1. What accessible area per residue, rounded to a whole number of Å², is obtained for region 13-128 using a probe radius of 1.4 Å?
2. Let me check the size of the chain from its C-alpha atoms; what are the radius of gyration and Dmax in Å?
3. Could you tell me how many degrees, from 0 to 90 and to the nearest 10, lie between the Cα long axis of helix 28-41 and the main elongation axis, the longest principal axis, of the Cα atoms of the chain?
4. What residues have an amide H closer than 5 Å to that of Tyr77, excluding those fewer than 5 places away on the same chain, when H is modeled at 1.01 Å from N in the peptide plane?
5. Write down the Kirkwood hydrodynamic radius of region 1-49, to one decimal in angstroms, obtained as one divided by the mean of 1/r over all alpha carbon pairs.
6. Carbon and sulfur together cover what percent of the accessible area of region 26-128 at a 1.4 Å probe radius?
7. Taking chymotrypsin sites (Phe, Trp or Tyr not before Pro) as exposed when DSSP calls them loop (any state but H, G, I, E, B) and at most 12 other Cβ atoms lie within 10 Å, what is the longest stretch of the chain free of them, the sites themselves excluded?
8. What percent does the relative contact order of the chain come to when contacts are Cα pairs within less than 8 Å and at least six residues apart?
Amino acid sequence: YEYGCLAFFEAAKQLGIPTVYEIPSAAHDWYHDLLSRELSAFPDLITPWHDRTERLRHERSARRNRELALADHVIVYSSHVTESYRAQGADTSKFHEIALGSPPISTHELSQLPPLGPIKLVFAGTFG
């Protein structure tokens, strides 16, 4: 899992053991760029937690990039995650997308209208 497998991956490489890396969210620097724009627009959202994570950002990104470089396969949960890494210049040829939470979007029209009543939604976690 990200930020926790660098020593394991280094040892695995020495022993010839394949490595699989799971990345559950967008590229850290991509997310930072997005959040920075929002915080510029809404500075009241800046918290001590943000200040702490900002101080650690370069160290964390460097570690994550070293782990990614050592991975033989990378599991991500959406094309959004893949694209965020591609936008940051990562080689995404070893990425494998496994969609969570919903079937592929259908381009076919429904043969009947959905039932009336309240819409049902599934909460799948927060962003960030």
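1. Details: 9010 Å² over 116 residues.
For region 13-128, the per-residue accessible area is 78 Å².
2. In order Rg, Dmax, the Cα atoms of the chain give 18.8, 60 Å.
3. 60
4. Ile98
5. Values: mean 1/r = 0.0735 Å⁻¹.
Every distinct Cα pair counted, the radius reaches 13.6 Å.
6. On the way: 4840 of 8150 Å².
Result for region 26-128: 59 percent of the exposed heavy-atom area is carbon or sulfur.
7. On the way: sites that count: Tyr1, Tyr3, Phe123, Phe127.
The answer is 4-122.
8. Values: 108 pairs, mean separation 39.4, N = 128.
For the chain, the relative contact order is 31 percent.
The values are calculated or read from the model by the stated rules, or taken from the named source; none is laboratory data. This one's a predicted model, so the numbers in the text were calculated from it and none came from an experiment. Glycine gets a Cβ as well: all are built from the backbone with ideal geometry, and neighbour counts include every protein chain shown. Areas reflect the complete protein model, heavy atoms only, side chains present, ligands, DNA and RNA absent. Shrake-Rupley method; radii C 1.70, N 1.55, O 1.52, S 1.80 Å.
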